[in-house]
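What follows is a short report on a single structure.
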Amino acid sequence: MELTPAELTVLGLVIERPQHGYDLERVIEQRGIRQWTDIGFSSIYYLLAKLEQRGLLHVPEAPAAARSRRVFHPTDEGRRVAAQNTLAVIAEARPHPQPLLVGVANLALLTPQQYEQALRTRLTQLDGRIAAVRAAQHAQGSLPHAAREVFSYSLSLMQAERQWLAHRAQVPHDEPDR
């Protein structure tokens, strides 16, 4: 059973710790998960219901109270499917869409000055994202190993892109460690 990235992320967070939708929203926001996967606030309960219908999550004691306070737990099948999907996502080098490459492929439509300015704009935005991810990482305190790896990988990718952008935009006196 193949899971979407959003489904696998939500299932993984519930496996990490049983929780309800508001808890998931808080973790997603705190860890900056929306930087690398598409999970809107309104889709959290949809994903939880879908995973529950597929037998990957369950609610041991569904309270009569608000539906939003139902604490979801993984099933054994949920753990198995999540592990299987996690292995596949990590091991398989799949192509992923990169809008920047679409823009670069169409450079003939821009002047060199427009291209350089666009690169500088992207660089400034990327610096902001790097700072935000670092702040989110430091604000967490103690994190599970998986979350630490996500922060590490995300920052490494952004720093590699930053280095490429700084070189192409010919930013003087650039700091290599940024």
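For segment 131-157, which residues satisfy the criterion of being farther than 11 Å from Gly32 by Cβ and in a helix (DSSP H, G or I)? Talk me through it step by step, then tell me what you get.
Applying the first criterion (farther than 11 Å from Gly32 by Cβ) to segment 131-157 yields 131, 138, 141-146, 148-149, 152-153, 156-157.
Ala131, His138, His145, Ala146, Arg148, Glu149, Ser152, Tyr153, Ser156, Leu157, listed by residue number.
If I ask for residues that are more than 15 Å from Arg162 (Cβ to Cβ) and touching a helix residue (DSSP H, G or I) at 6+ places or on another chain (Cβ under 7 Å), which ones from segment 111-138 would you list?
Tyr115, Ala136, Gln137
Select, from Gly55, Gly12, the only residue that is in a loop (DSSP other than H, G, I, E, B), modelled with pLDDT of 90 or more and either open to solvent by 20 Å² or more (accessible area, probe 1.4 Å) or among the polar types (S, T, N, Q) (or both).
Gly55 is the lone residue from the list that is in a loop (DSSP other than H, G, I, E, B), modelled with pLDDT of 90 or more and either open to solvent by 20 Å² or more (accessible area, probe 1.4 Å) or among the polar types (S, T, N, Q) (or both).
Pairs, please: C-beta under 9 Å, at least 6 apart or cross-chain, first residue without any contact (Cβ under 8 Å) to a residue 24 or more places away in the chain and more than 26 Å from Gln53 (Cα to Cα) and in segment 75-95, second of a type in the set (Val, Ile, Thr) and surrounded by 13 or more Cβ atoms within 10 Å (Cβ to Cβ)?
Taking only residues 6 or more apart or on different chains, not a single pair turns up.
Mind listing whichever residues of segment 153-172 are of a type outside the set (A, V, I, L, M) and surrounded by 11 or more Cβ atoms within 10 Å (Cβ to Cβ)?
Tyr153, Ser154, Gln159, Glu161, Arg162, Gln163, Trp164, His167, Arg168
When you scan segment 58-71, do you find a residue that is among the hydrophobic types (A, V, I, L, M, F, W, C) and in contact with a Leu (Cβ under 8 Å, 6 or more places away or on another chain), even just one?
Within segment 58-71, none of the residues are among the hydrophobic types (A, V, I, L, M, F, W, C) and in contact with a Leu (Cβ under 8 Å, 6 or more places away or on another chain).
Scan segment 75-107 for residues that are of a type in the set (Ser, Thr, Tyr) and open to solvent by 80 Å² or more (accessible area, probe 1.4 Å) and jot them down.
Residues satisfying the conditions do not exist here.
Check whether at least one residue in segment 61-74 is surrounded by 13 or more Cβ atoms within 10 Å (Cβ to Cβ) and closer than 20 Å to His145 by Cβ, and report yes or no.
Checked against the condition, which is being surrounded by 13 or more Cβ atoms within 10 Å (Cβ to Cβ) and closer than 20 Å to His145 by Cβ, segment 61-74 yields at least one hit.
I'd like the residue in segment 15-52 that is without any contact (Cβ under 8 Å) to a residue 60 or more places away in the chain and under 14 Å from Gly78 (Cα atoms) and, out of all such residues, is most open to solvent (accessible area, probe 1.4 Å).
This residue is Arg17.
Pairs, please: C-beta under 8 Å, at least 6 apart or cross-chain, first residue touching a residue at least 40 places away in the same chain (Cβ under 8 Å) and in segment 149-162, second part of a helix (DSSP H, G or I) and loosely packed, with under 15 Cβ neighbours inside 10 Å?
Within 8 Å, the pairs are Ser154/Gln35.
The values are calculated or read from the model by the stated rules, or taken from the named source; none is laboratory data. Remember, predicted model here, so these are calculated numbers, not experimental data. So basically every Cβ, Gly included, is an ideal-geometry build from the backbone, and we count neighbours across all protein chains shown. Calculation scope for accessible area: heavy atoms of the full protein, side chains included, ligands and nucleic acids excluded. Shrake-Rupley method; radii C 1.70, N 1.55, O 1.52, S 1.80 Å.
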